[in-house]
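To keep things clear, I will list the structure first and then write my remarks on it.
The values are calculated or read from the model by the stated rules, or taken from the named source; none is laboratory data. This structure is a prediction, so every number in the text was calculated from the model and none was measured. Positions of Cβ are backbone-derived with ideal geometry, glycine not excepted, and every protein chain shown enters the neighbour counts. Protein only, heavy atoms only, side chains kept; ligands, DNA and RNA dropped before computing areas. Shrake-Rupley method; radii C 1.70, N 1.55, O 1.52, S 1.80 Å.
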Amino acid sequence: MPAPEIVAKNAFWSLCWAHPFFLPVLARLRFATGPVGTACIRADGLVTVDPRFVAETPAIELAGVMGHEAMHLLMCHAARKGPREHTEWNKACDRAINAGLKDAGIRLPDGALYPDLTVWTATAERLYDHNQGQGQGQGQGAPKATQGCGVDPTPGPGQGEGQGHPGQGEVDWQAVAAQCR
């Protein structure tokens, strides 16, 4: 069996066949393994996957999770966080991403967070504000293995905030998002 990070990257490749929008992102991501529960992404484009999660998740759902992680970068969630509480911001971002992925026909694992139907197309900022005074939306309750991945704004060693110039070892994710469009 291939290494979990290779399985995750291959799952992302399969997503790209159906949704070529993601190809410019895939070309810039790096993959690693670690005990993260599911998967997470850093602002510099390092995707870390949990080997157990990879082994237990069907390929079609793993592809959706990889697309989900990429969307954190394309939507510049780390840069948009501001003073918001980290965990709740990640949940709002997850809901915003997952609604769009579901609308695009991309399958996610059971337990993925979705916004209430009344705010289905809302931005992460609006979902954050909405959820501060109300319930947490569909998929609420005890955290599941597919919830709360988010984007880690912490740069890797020798990396900036992920918004710099590609020639300096950083990726301008806003430019990548423009290429995707």
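Val25 meets all of the listed conditions (1) assigned to a loop (DSSP other than H, G, I, E, B); (2) crowded, with 16+ Cβ neighbours inside 10 Å but one, namely (1).
Okay, residues lined up against (1) part of a helix (DSSP H, G or I); (2) over 11 Å from the mean Cα position of the chain (by Cα):
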position	(1), (2)
Val65	yes, no
Arg84	no, yes
Glu88	yes, yes
Ala96	yes, no
Gly105	no, yes
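Just to be sure before I move on: is Pro109 open to solvent by 20 Å² or more (accessible area, probe 1.4 Å), within 20 Å of Asn10 (Cβ to Cβ) and modelled with pLDDT of 95 or more in the structure I sent? It is false that Pro109 is open to solvent by 20 Å² or more (accessible area, probe 1.4 Å), within 20 Å of Asn10 (Cβ to Cβ) and modelled with pLDDT of 95 or more.
If we scan the stretch 3-14, do we find a residue that is in a helix (DSSP H, G or I), touching a Lys or Arg at 6+ places or on another chain (Cβ under 6 Å) and open to solvent by less than 60 Å² (accessible area, probe 1.4 Å)?
Residues of the stretch 3-14 in a helix (DSSP H, G or I): 4-14.
Remaining after also requiring touching a Lys or Arg at 6+ places or on another chain (Cβ under 6 Å): none.
No, the stretch 3-14 contains no residue that is in a helix (DSSP H, G or I), touching a Lys or Arg at 6+ places or on another chain (Cβ under 6 Å) and open to solvent by less than 60 Å² (accessible area, probe 1.4 Å).
Within the set Lys81, Lys102, Lys144, the sole residue that is among the basic types (Lys, Arg) and modelled with pLDDT of 95 or more turns out to be Lys102.
Taking each residue of the stretch 2-14 that is closer than 10 Å to Phe31 by Cβ and looking for partners that are part of a helix (DSSP H, G or I) and modelled with pLDDT under 90 with beta-carbon atoms closer than 6 Å, six or more apart or interchain, yields Phe12/Leu26. Considering only residues in the stretch 76-101 that are out of contact with any Phe, Trp or Tyr (no Cβ under 7 Å at 6 or more places or on another chain), of a type in the set (A, V, I, L, M, F, W, C) and touching a residue at least 60 places away in the same chain (Cβ under 8 Å), the one that is surrounded by the fewest Cβ atoms within 10 Å (Cβ to Cβ) turns out to be Ala79.
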